[in-house]
Amino acid sequence: MSTNHITVYATTWCPFCKRLLADLAEKNVPFDVIDVDEDAAAGEWVKSVNDGNRVVPTVRYSDGTHATNPPARAVERKLAQLR
């Protein structure tokens with residue numbers, strides 16, 4: 001089980017996902033990533049929090065909140081609150 005506070009639900013083909021993942025890695029923000037093309041349950045969760053749409057990237061935080069297509073800066077701020 002991961003101890004990261006951030007899980008990014010993404011796909012390999014999504015340019016917004018690629019950008020967020022690269023920006024988080026550049027800022028040394030620890031995160032897990034789940035490919036919704038490979039994990040049907042993850043895709044269903046993403047749809048459940050996005051009005052039935054499988055919108056990626058969607059980020060889930062350890063406090064149970066989530067954000068759809070957030071900028072890396074917002075994810076970094078949220079991580080500071082969670083630590």
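Of the residues making up segment 2-27, those that are more than 9 Å from V59 (Cβ to Cβ) and either in contact (Cβ under 8 Å) with a residue 60 or more places away in the chain or in a helix (DSSP H, G or I) (or both) are H5, P15, F16, C17, K18, R19, L21, A22, D23, L24, A25, E26. Comparison of V49, V36 shows that the only residue that is modelled with pLDDT of 95 or more and under 12 Å from the mean Cα position of the chain (by Cα) is V36.
Test V75 against the stated conditions and say whether it is farther than 11 Å from V8 by Cα, at pLDDT 95 or above, aliphatic (A, V, I, L, M) and not in a strand (DSSP E or B).
Values: farther than 11 Å from V8 by Cα: no; at pLDDT 95 or above: yes; aliphatic (A, V, I, L, M): yes; not in a strand (DSSP E or B): yes.
Considered against the rule, which asks whether it is farther than 11 Å from V8 by Cα, at pLDDT 95 or above, aliphatic (A, V, I, L, M) and not in a strand (DSSP E or B), V75 comes out as no.
With respect to T68, determine if the residue is within 18 Å of C14 (Cα to Cα), among the hydroxyl-bearing types (S, T, Y) and surrounded by fewer than 17 Cβ atoms within 10 Å (Cβ to Cβ). Break it down stepwise before answering.
Details: within 18 Å of C14 (Cα to Cα): yes; among the hydroxyl-bearing types (S, T, Y): yes; surrounded by fewer than 17 Cβ atoms within 10 Å (Cβ to Cβ): yes.
Yes, satisfied.
If you go through segment 17-33 and keep only what is surrounded by 15 or more Cβ atoms within 10 Å (Cβ to Cβ) and over 11 Å from the mean Cα position of the chain (by Cα), you end up with D23, V29.
The values are calculated or read from the model by the stated rules, or taken from the named source; none is laboratory data. Treat the numbers as computed from the prediction; the structure is a model and nothing was measured. Because the Cβ atoms are built from the backbone with ideal geometry, glycine has one as well, and the counts that use them run over all protein chains shown.
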